[in-house]
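**Q** Starting off with a structure, shown below.
The values are calculated or read from the model by the stated rules, or taken from the named source; none is laboratory data. The structure presented is a predicted model; accordingly, all values stated were derived computationally and were not measured. No Cβ is skipped: glycine too gets one built from the backbone with ideal geometry, and neighbour counts run over all protein chains shown. Side chains included, ligands, DNA and RNA excluded: accessible areas come from the protein's heavy atoms. Shrake-Rupley method; radii C 1.70, N 1.55, O 1.52, S 1.80 Å.
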Amino acid sequence: MIERDFDISFIADLALREKQIQQNHRPIIAVHKWFARRPGALFRGLLLSEFASRPLRQVYYQPNTFNGLRIADPFMGGGIPLIEANRVGCDIIGYDINPMAYWIVKREIEHIDLDSYRSAAKNLRSALEREIGHLYRTRCLECGNPEAHVKYFLWVKTMTCGGCGEEIDLFPGSLVAQNTRHPKNVFVCLACGTLTEADNREHPGECSTCGRPLSIAGPAKRNRCPCPRCGHINSYPSPEAGPPKHRMFAIEYHCSVCRPQHQGRFFKKPDTHDLSLFKEADARWHETTPKFVPDDAIPTGDESSRLHRWGYKHYKEMFNSRQLLGLELSCGIIDRVPDTRIRDALSTNLSDLLRYQNMVCRYDKMALKSLDIFSVHGFPVGLIECESNLLGVSGGQRGASIGSGGWLNIIDKFTKAKRYCDEPFEILHQGREKHVISIPGEWIGDTNKRARQTNRRRIELSCSDAIMKELQPASLDGVFTDPPYLGNVQYAELMDFCYVWLRKLANNRDSALAVASTRHVNELTANENMRRGPKNFTEGLSAVFRQMATALKPGAPLVFTYHHNAITAYYPVVVAILDAWLTCSASLPCPAEMGASIHINGTGSSIIDTIFVCRSTGKVPGRWLAENAQALALVVEEDLDKLRQGNVRIAYGDIRCIIYGHLARLAIWALRKEWDESMTTEEKLGRVADWIAGFGGLPGVEQHLNLAAEEILRSHKMIIREPEAVYREADSQISF
C-alpha cells in the first residue's frame, strides 16, 4: 500500500531529475503541449507502491503487469496517470471536459505504425519544400552561399506616429543576442539597422556602419515611445488601430558550407532579397482562398483579453502572411492522407507546431532560440517577435534539427514519443553516469504490434464531465489524478489558440471537437471572467470525488496531487474528501515542478506537491496523527529529511506547502465523524477554516521550526527548536 511502501526519497530524486528535461525521461509528453504535467516517475511510483508485492526500489526498473486492474482519472489533462497505468497493463478510464485534453491523450495512447507515419511526414516536408522552401533561404554573409537556411526572422513592432504620421519602431532595447552561446554580443543600430558585434554589453561602442553610438536601452518603455523624427510621445498598444504591424530587422541563419570553420551563430540584417521573399509570400497568401485557416474570434477571458488590448480580434491575426501560407499548405497536405490514425497524428503535429509559428513568439537572447507562445502559461505580447523556419533546418548530428519551431523538430519529437510507447524505458542515475534501462514487456497503447501484442487493451476515454458518466459501484481498483487547482492557469483560454485550427482540420472526424471552444461553464478553475470562484470549485470537486468514491472498491485509493501558495485553496479539497466520505490516510511530499520554470523561478512558489491518499477504510500510521502543532512540526521535519535524501534543495515555499498538505489531512481526520453534508458550501468551508485556525495553522507549526532566511539559504536544513517528544508509538497503526 502507498502509505507503507511509497519511498519519498527514491521517487523525489527521480521526479526532480525528470522535471529538469521531462521529454528525455518521458518522451510521450512531446505528442502535444499540455500544461504542468506531473512527473511520470511519481505516478509509476504510486502505482507500484499500491499494487506491487515487492519493495518499490526492487520493482521500479523491472517489468510489471497488473492485468485486470481498473484505474480511472476524472481530470486526465495531459494524461500522465493514465499513461503510467496503461503501461503496466491496467484497464483505464479517463474523462476531461476539455476537448483538447481528450484529443491529446487519445493520440498519446493509440498505436500508430511508425514507418507509415515517418513516410507521410517525409512526404509532407518534401511537398512544402517544393512549394515554399525558397522563402526560408538567405545569402550567407561569410561565403555568399545563396542557399543558407534561415532559422529565425526577428521582427519589431511598429506604429504610426501620432505627431508626424511616420512609421516608428518600438524597440525596447538594441541587444539582439548575448555572448553566452555566441562569441560576442550582437546589437542592432536603431539609426541605420546594421547589426554590430561587441565584447562589452554595457558599453557596446559605435555602429560599424554609421558610427552612431550603440546603447543597450531602447526608446520604447512603459507603453510610451518617442518619435525619433518629431519627438512626439506615442502610447501603445492601441487596440482601435487593429492588430500590431511589424518590420523585419534581423535574421539568424545556418550555412552548411562555412559552418565547419565558423565560430558562433550567423546573424544578418535582411537584404532586399530577403524582404522581397516576404513580399512574395504576402502576395501568394492574399491570392489564396483559405480552406483551413480558422476565422474564429478571440473570446474575452482572463488571459485572452491581453490579446484584445493589442488589437487582436481573431486568432488568424496572430500570424503573418508567410506563416498563414505555410500552415494552409500543410493542412491541405495532411487532409489528403488516407490513413485515419496517421492523418490524426499529423493534425496533432500541426496543432502543436502553432506554438512556434505565430507572431507572439519571442526570441531568447541568451539561449538564441524561439520561445513558444505558452512559455509563461499566458499570452504575454512583446515588442520583438520571432518567426521560425516552418520546415525546420536539418544538419545537426545525424541529421538532427537545428533550431526549434519547425516541422522537422515536431516530427522528430513525435517519432521519439511513439517509439517510447512501443519500447518504454527508465533512466538510472549512478553518480555522474546515467543508463537507459529498457523495460521489456511494458508498453503504452491500445495494441503493440512491435511487441507482437495484438490483443487490445481496455481503454475508455471520454470528452465529458466525469459527474455525467455512470460508473458501476465498487468497480474501480484506484483513482489516480492531478485535478485542477483553485486559481489554476486558464488552460482552456490558452488551448483555444490551437483548438480552432485542429477543429477545422479534423473536419468533424470526432464529435468531441464539435464545440466551438474548449472553454466550458463547468470547468474547475477560478475564472473572474466567467464568474467562477471558490464556491464553484468546491462544489465541482466535491461532485467528482463523490462519484469516484462510489465507484471505488472498499479500501481502494483515491490518489491525487495538489499544491497552492494559499491555505484557503486547500479548504475545497478538504470539503470534497469529506463530502465523499473518505479519509485521508496520507499526505506525502514529492517534487512535481521545475524550479527553473519561468512561472516558478524567483517567485517563492513551491516545486513540491502534496500527494493525498484517500480511502473509505484502511490504516494510518499513528505518528502521522499529530495532536498539536509541535507534533506536526516533527512530521514535517521527517518529510524534509526524506526530501533532502532525494537531493531536493528545500525552499520556504516548499515547507509552506508541505505544512498545508498535513493541515488539510488532519482537518479531514478530525471532522470526518461529525461531518454534515447538508451544510451550505460556505458553512463547510467555514468549518474547515475554523478547525485549521484552531489547530494553529501555518504560524502554529512554523514556530516549532527554524525558518530564518539565512538558515534556509545556507543549508536548506530546518531545525526543530523543541526537544523531540513521542506522541504516539512510531509503528502503531490506527484503523478507520
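**Q** Answer yes or no as to whether residue 185 is in contact with a strand residue (DSSP E or B) (Cβ under 6 Å, 6 or more places away or on another chain) and of a type outside the set (Val, Ile, Thr). Explain how you work it out, then say what you get.
**A** Details: in contact with a strand residue (DSSP E or B) (Cβ under 6 Å, 6 or more places away or on another chain): yes; of a type outside the set (Val, Ile, Thr): yes.
Yes; evaluated as a whole, the condition is true for this residue.
**Q** Can you pull out the residues in the stretch 210-229 that are open to solvent by less than 70 Å² (accessible area, probe 1.4 Å), farther than 14 Å from residue 170 by Cα and not aliphatic (A, V, I, L, M)?
**A** 210, 211, 215
**Q** Would you check which residues across the stretch 489-522 are of a type in the set (A, V, I, L, M, F, W, C), assigned to a helix (DSSP H, G or I) and within 21 Å of residue 318 (Cβ to Cβ) and list them?
**A** Within the stretch 489-522, 492, 494, 495, 497, 498, 500, 501, 502, 505, 506, 513 qualify.
**Q** When you look at residue 605, is it of a type in the set (Gly, Ala, Ser) and at pLDDT below 90, yes or no?
**A** Values: of a type in the set (Gly, Ala, Ser): yes; at pLDDT below 90: yes.
The answer is yes for residue 605.
**Q** Give the stretch 194-209 a look and list any residue that's free of Cβ contacts under 8 Å to residues at least 24 places away in the same chain and either of a type in the set (Phe, Trp, Tyr) or surrounded by fewer than 16 Cβ atoms within 10 Å (Cβ to Cβ) (or both), or say none.
**A** 199, 200, 202, 203, 205, 206, 208, 209
**Q** Taking the conditions exactly as written (at pLDDT 95 or above and open to solvent by 10 Å² or more (accessible area, probe 1.4 Å)), does residue 461 satisfy them or not? Write out each step before concluding.
**A** Values: at pLDDT 95 or above: yes; open to solvent by 10 Å² or more (accessible area, probe 1.4 Å): yes.
Yes.
**Q** Looking only at the stretch 89-119, how many residues end up being in a helix (DSSP H, G or I) and either open to solvent by 20 Å² or more (accessible area, probe 1.4 Å) or under 30 Å from residue 520 (Cα atoms) (or both)? Reasoning before the result, please.
**A** Filtering the stretch 89-119 down to residues in a helix (DSSP H, G or I) leaves 99-109, 114-119.
Now narrow it down to the ones that are either open to solvent by 20 Å² or more (accessible area, probe 1.4 Å) or under 30 Å from residue 520 (Cα atoms) (or both): 99-109, 115-116, 118-119.
So the count comes out to 15.
**Q** Checking the conditions here, which among 30, 36 is on the phi > 0 side of the Ramachandran plot, surrounded by fewer than 23 Cβ atoms within 10 Å (Cβ to Cβ) and either hydrophobic (A, V, I, L, M, F, W, C) or not in a loop (DSSP other than H, G, I, E, B) (or both)? Even if it seems obvious, please write down each step before you answer.
**A** Values: 30 fails: on the phi > 0 side of the Ramachandran plot.
Going through 30, 36 in turn, the sole match is 36.
**Q** For the stretch 324-368, which residues satisfy the criterion of being of a type in the set (Lys, Arg) and more than 23 Å from residue 385 (Cβ to Cβ)? Steps first, answer last, please.
**A** Step one: list which residues in the stretch 324-368 are of a type in the set (Lys, Arg), which gives 336, 341, 343, 355, 362, 365.
Of everything in the stretch 324-368, those that are of a type in the set (Lys, Arg) and more than 23 Å from residue 385 (Cβ to Cβ) turn out to be 336, 341, 343.
**Q** Select from the stretch 420-445 the residues that are farther than 20 Å from residue 90 by Cα and not hydrophobic (A, V, I, L, M, F, W, C) and write down the one among them that is most open to solvent (accessible area, probe 1.4 Å).
**A** As a first pass, look at the stretch 420-445 and keep what is farther than 20 Å from residue 90 by Cα: 427-437.
Those left that are additionally not hydrophobic (A, V, I, L, M, F, W, C): 429-435.
Values: 429: 50, 430: 101, 431: 70, 432: 246, 433: 113, 434: 132, 435: 66 Å².
For the stretch 420-445, the residue satisfying everything is 432.
Listed here are the residues, each with its yes/no results for (1) at pLDDT below 95; (2) in contact with a Ser or Thr (Cβ under 7 Å, 6 or more places away or on another chain); (3) surrounded by fewer than 22 Cβ atoms within 10 Å (Cβ to Cβ); (4) of a type in the set (D, E, K, R).
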site: 321; (1), (2), (3), (4): no, no, yes, no
site: 330; (1), (2), (3), (4): no, no, no, no
site: 338; (1), (2), (3), (4): no, no, yes, no
site: 343; (1), (2), (3), (4): no, no, yes, yes
site: 358; (1), (2), (3), (4): no, no, no, no
site: 363; (1), (2), (3), (4): no, yes, no, no
site: 400; (1), (2), (3), (4): yes, no, yes, no
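**Q** What pairs can you find where one residue is in the stretch 299-310 and over 13 Å from residue 237 (Cα atoms), the other is at pLDDT 95 or above and open to solvent by 30 Å² or more (accessible area, probe 1.4 Å), and their Cβ atoms are less than 8 Å apart, with a gap of 6+ or different chains?
**A** If the second residue must be at pLDDT 95 or above and open to solvent by 30 Å² or more (accessible area, probe 1.4 Å), the pairs left are 300/308.
**Q** Shifting gears a bit: Considering only strands (runs of 3 or more DSSP E) fully contained in the stretch 358-420, which possess at least 1 residues that are among the basic types (Lys, Arg)? Even if it seems obvious, please write down each step before you answer.
**A** Values: elements: 362-364, 369-371, 384-388.
Where strands (runs of 3 or more DSSP E) fall fully within the stretch 358-420 and carry at least 1 residues being among the basic types (Lys, Arg), they are 362-364, 369-371.
**Q** Does any residue of the stretch 55-74 turn out to be open to solvent by less than 20 Å² (accessible area, probe 1.4 Å), assigned to a loop (DSSP other than H, G, I, E, B), in contact with a strand residue (DSSP E or B) (Cβ under 7 Å, 6 or more places away or on another chain) and not aromatic (Phe, Trp, Tyr)?
**A** Yes, the stretch 55-74 contains at least one residue that is open to solvent by less than 20 Å² (accessible area, probe 1.4 Å), assigned to a loop (DSSP other than H, G, I, E, B), in contact with a strand residue (DSSP E or B) (Cβ under 7 Å, 6 or more places away or on another chain) and not aromatic (Phe, Trp, Tyr).
**Q** Please find, among 617, 610, 568, the residue that is open to solvent by 10 Å² or more (accessible area, probe 1.4 Å), β-branched (Val, Ile, Thr), modelled with pLDDT of 90 or more and under 24 Å from residue 732 (Cβ atoms). Full working, then the answer.
**A** On the way: 610 fails: open to solvent by 10 Å² or more (accessible area, probe 1.4 Å); 568 fails: under 24 Å from residue 732 (Cβ atoms).
Answer to the check: 617.
**Q** State which residue is nearest to the chain's Cα centre (by Cα) when the search covers only the stretch 139-193 and only residues that are free of Cβ contacts under 8 Å to residues at least 40 places away in the same chain and open to solvent by 10 Å² or more (accessible area, probe 1.4 Å). Steps first, answer last, please.
**A** Within the stretch 139-193, the subset free of Cβ contacts under 8 Å to residues at least 40 places away in the same chain is 144, 146-147, 165, 179, 185, 187, 189-192.
Adding the requirement that they be open to solvent by 10 Å² or more (accessible area, probe 1.4 Å) leaves 144, 146-147, 165, 179, 190-192.
Working: 144: 41, 146: 39, 147: 36, 165: 42, 179: 29, 190: 36, 191: 40, 192: 40 Å.
Top of the filtered list is 179.
**Q** Being surrounded by 15 or more Cβ atoms within 10 Å (Cβ to Cβ) and free of Cβ contacts under 8 Å to residues at least 60 places away in the same chain is true for just one of 265, 284. Which residue is that?
**A** Details: 265 fails: free of Cβ contacts under 8 Å to residues at least 60 places away in the same chain.
Result: 284 is the single residue among 265, 284 that is surrounded by 15 or more Cβ atoms within 10 Å (Cβ to Cβ) and free of Cβ contacts under 8 Å to residues at least 60 places away in the same chain.
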